[in-house]
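The values are calculated or read from the model by the stated rules, or taken from the named source; none is laboratory data. Everything quoted here is computed from the prediction, not taken from an experiment. Cβ: placed from backbone, ideal geometry, glycine included. Neighbour counts: every protein chain shown. Accessible surface is based on the protein model in full, side chains and every heavy atom, while ligands, DNA and RNA are left aside. Shrake-Rupley method; radii C 1.70, N 1.55, O 1.52, S 1.80 Å.
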Amino acid sequence: MSFQIRKATITDLEPIVELFDLYRQFYQQMSDTKQAYAFLEARFKHSDSEIFVAKTEHQLVGFVQLYPIFSSVRMQRLWLLNDIFVLKEFRGNGLSKSLIFAAQQLAKETKACGLLLETATDNLIGNQLYLAMGFELQSESNFYFLKL
(Lines give C-alpha, C1' and ligand atoms only; values in the text may rest on other atoms or scores of the structure.)
Protein backbone atom coordinates (compact mmCIF):
# COMPACT_ATOMS: atom_id res chain seq x y z
CA MET A 1 0.00 0.00 0.00
CA SER A 2 1.37 3.43 -0.87
CA PHE A 3 1.19 6.47 1.35
CA GLN A 4 1.70 10.18 0.86
CA ILE A 5 2.94 12.57 3.56
CA ARG A 6 1.91 16.16 2.98
CA LYS A 7 1.16 19.39 4.78
CA ALA A 8 -2.47 19.55 5.87
CA THR A 9 -4.85 22.25 4.74
CA ILE A 10 -8.16 23.47 6.13
CA THR A 11 -9.91 21.14 3.66
CA ASP A 12 -8.48 18.23 5.70
CA LEU A 13 -10.12 19.46 8.88
CA GLU A 14 -12.93 16.89 9.19
CA PRO A 15 -10.77 13.76 8.72
CA ILE A 16 -8.07 15.20 10.98
CA VAL A 17 -10.71 15.76 13.68
CA GLU A 18 -11.50 12.03 13.62
CA LEU A 19 -7.80 11.13 13.97
CA PHE A 20 -7.27 13.79 16.64
CA ASP A 21 -10.21 12.48 18.66
CA LEU A 22 -8.80 8.94 18.54
CA TYR A 23 -5.37 10.31 19.52
CA ARG A 24 -6.89 12.01 22.58
CA GLN A 25 -8.72 8.81 23.51
CA PHE A 26 -5.37 6.99 23.35
CA TYR A 27 -4.31 9.38 26.15
CA GLN A 28 -7.42 8.52 28.21
CA GLN A 29 -9.42 11.61 27.24
CA MET A 30 -13.15 11.48 26.56
CA SER A 31 -14.24 11.63 22.94
CA ASP A 32 -15.29 15.16 22.00
CA THR A 33 -15.32 15.71 18.25
CA LYS A 34 -17.18 19.02 18.54
CA GLN A 35 -14.46 20.52 20.75
CA ALA A 36 -11.73 18.84 18.66
CA TYR A 37 -13.17 20.48 15.55
CA ALA A 38 -13.19 23.92 17.21
CA PHE A 39 -9.66 23.45 18.54
CA LEU A 40 -8.17 22.34 15.21
CA GLU A 41 -10.14 24.90 13.22
CA ALA A 42 -8.60 27.60 15.40
CA ARG A 43 -5.09 26.19 14.75
CA PHE A 44 -5.68 26.49 11.01
CA LYS A 45 -7.31 29.94 11.20
CA HIS A 46 -4.58 31.40 13.41
CA SER A 47 -1.74 29.52 11.68
CA ASP A 48 -0.25 28.71 15.08
CA SER A 49 0.61 25.08 14.36
CA GLU A 50 1.79 22.97 11.45
CA ILE A 51 0.08 19.68 10.69
CA PHE A 52 1.30 17.00 8.32
CA VAL A 53 -0.88 14.06 7.35
CA ALA A 54 -0.29 10.52 6.14
CA LYS A 55 -2.73 9.61 3.38
CA THR A 56 -3.57 6.45 1.50
CA GLU A 57 -5.33 6.70 -1.83
CA HIS A 58 -8.67 7.00 -0.02
CA GLN A 59 -8.20 8.32 3.52
CA LEU A 60 -6.06 10.12 6.06
CA VAL A 61 -4.51 7.56 8.39
CA GLY A 62 -2.13 9.60 10.55
CA PHE A 63 -0.93 13.06 11.48
CA VAL A 64 1.75 14.99 13.31
CA GLN A 65 1.16 18.45 14.81
CA LEU A 66 3.94 20.87 15.69
CA TYR A 67 3.94 24.19 17.51
CA PRO A 68 6.62 26.87 17.14
CA ILE A 69 8.46 27.87 20.29
CA PHE A 70 11.70 29.75 20.82
CA SER A 71 14.91 29.20 22.75
CA SER A 72 16.13 32.40 24.37
CA VAL A 73 19.49 30.84 25.18
CA ARG A 74 20.03 29.73 21.58
CA MET A 75 18.12 32.73 20.18
CA GLN A 76 16.47 30.41 17.67
CA ARG A 77 13.17 28.79 16.89
CA LEU A 78 12.39 25.29 18.17
CA TRP A 79 9.46 23.14 17.13
CA LEU A 80 7.44 21.26 19.72
CA LEU A 81 6.35 17.95 18.22
CA ASN A 82 3.23 17.82 20.33
CA ASP A 83 1.02 15.21 18.67
CA ILE A 84 1.67 12.19 16.48
CA PHE A 85 -0.82 9.46 15.70
CA VAL A 86 -1.34 6.66 13.16
CA LEU A 87 -4.46 4.52 12.97
CA LYS A 88 -3.86 1.13 14.58
CA GLU A 89 -4.42 -0.85 11.39
CA PHE A 90 -1.76 1.20 9.56
CA ARG A 91 0.97 1.01 12.22
CA GLY A 92 4.15 -0.87 11.40
CA ASN A 93 4.38 0.60 7.89
CA GLY A 94 6.90 3.35 8.71
CA LEU A 95 4.28 6.10 8.77
CA SER A 96 5.38 7.50 12.14
CA LYS A 97 8.94 7.68 10.85
CA SER A 98 7.75 9.45 7.71
CA LEU A 99 5.71 11.93 9.74
CA ILE A 100 8.72 12.63 11.98
CA PHE A 101 10.88 13.08 8.89
CA ALA A 102 8.38 15.71 7.64
CA ALA A 103 8.71 17.44 11.02
CA GLN A 104 12.51 17.37 10.70
CA GLN A 105 12.27 18.89 7.22
CA LEU A 106 10.05 21.68 8.57
CA ALA A 107 12.61 22.38 11.30
CA LYS A 108 15.43 22.56 8.73
CA GLU A 109 13.43 24.75 6.33
CA THR A 110 12.61 27.21 9.12
CA LYS A 111 16.21 27.19 10.39
CA ALA A 112 15.10 25.88 13.77
CA CYS A 113 17.71 24.55 16.18
CA GLY A 114 15.74 21.37 16.85
CA LEU A 115 12.62 19.44 17.69
CA LEU A 116 11.36 18.89 21.21
CA LEU A 117 8.88 16.26 22.35
CA GLU A 118 7.53 14.62 25.46
CA THR A 119 5.98 11.20 25.84
CA ALA A 120 4.97 8.93 28.67
CA THR A 121 7.68 6.68 30.09
CA ASP A 122 5.43 3.66 29.48
CA ASN A 123 5.04 4.48 25.76
CA LEU A 124 7.58 1.79 24.89
CA ILE A 125 7.05 1.86 21.12
CA GLY A 126 7.18 5.66 20.98
CA ASN A 127 10.28 5.85 23.17
CA GLN A 128 12.08 3.31 20.97
CA LEU A 129 11.00 5.14 17.81
CA TYR A 130 12.20 8.54 19.01
CA LEU A 131 15.62 7.19 19.96
CA ALA A 132 15.86 5.40 16.60
CA MET A 133 15.02 8.68 14.83
CA GLY A 134 17.93 10.46 16.54
CA PHE A 135 16.17 12.13 19.46
CA GLU A 136 18.18 12.12 22.68
CA LEU A 137 16.68 11.59 26.11
CA GLN A 138 17.56 14.66 28.14
CA SER A 139 18.72 13.42 31.53
CA GLU A 140 20.44 16.67 32.54
CA SER A 141 17.24 18.69 32.84
CA ASN A 142 14.00 18.36 34.74
CA PHE A 143 10.57 18.77 33.21
CA TYR A 144 7.99 20.52 35.41
CA PHE A 145 4.29 21.13 34.90
CA LEU A 146 2.03 23.51 36.81
CA LYS A 147 -1.61 22.47 36.47
CA LEU A 148 -4.04 25.38 36.50
Tally time: how many residues in segment 16-26 are without any contact (Cβ under 8 Å) to a residue 24 or more places away in the chain and over 20 Å from H58 (Cα atoms)?
2
Can you spot a residue in segment 70-82 that is under 16 Å from Y23 (Cα atoms), buried (at least 17 other Cβ atoms within 10 Å of the Cβ) and in contact with a helix residue (DSSP H, G or I) (Cβ under 7 Å, 6 or more places away or on another chain)?
yes
Count of segment 17-31 residues which are within 13 Å of V53 (Cβ to Cβ) and open to solvent by 60 Å² or more (accessible area, probe 1.4 Å):
1
So which residues in segment 32-51 are open to solvent by less than 50 Å² (accessible area, probe 1.4 Å), closer than 21 Å to A102 by Cβ and of a type in the set (G, A, S), if there are any at all?
S49
Among the residues of segment 126-148 satisfying the criterion of being assigned to a loop (DSSP other than H, G, I, E, B) and open to solvent by less than 100 Å² (accessible area, probe 1.4 Å), which is farthest from N82 (Cα to Cα)?
S141
As an exercise: evaluate G62 against (1) surrounded by fewer than 19 Cβ atoms within 10 Å (Cβ to Cβ); (2) under 14 Å from A8 (Cα atoms) and give the number of the one condition it does not meet.
(1)
Please find, within segment 90-106, the residue that is farthest from F26 (Cα to Cα) out of those that are open to solvent by 70 Å² or more (accessible area, probe 1.4 Å) and at pLDDT 95 or above.
F101
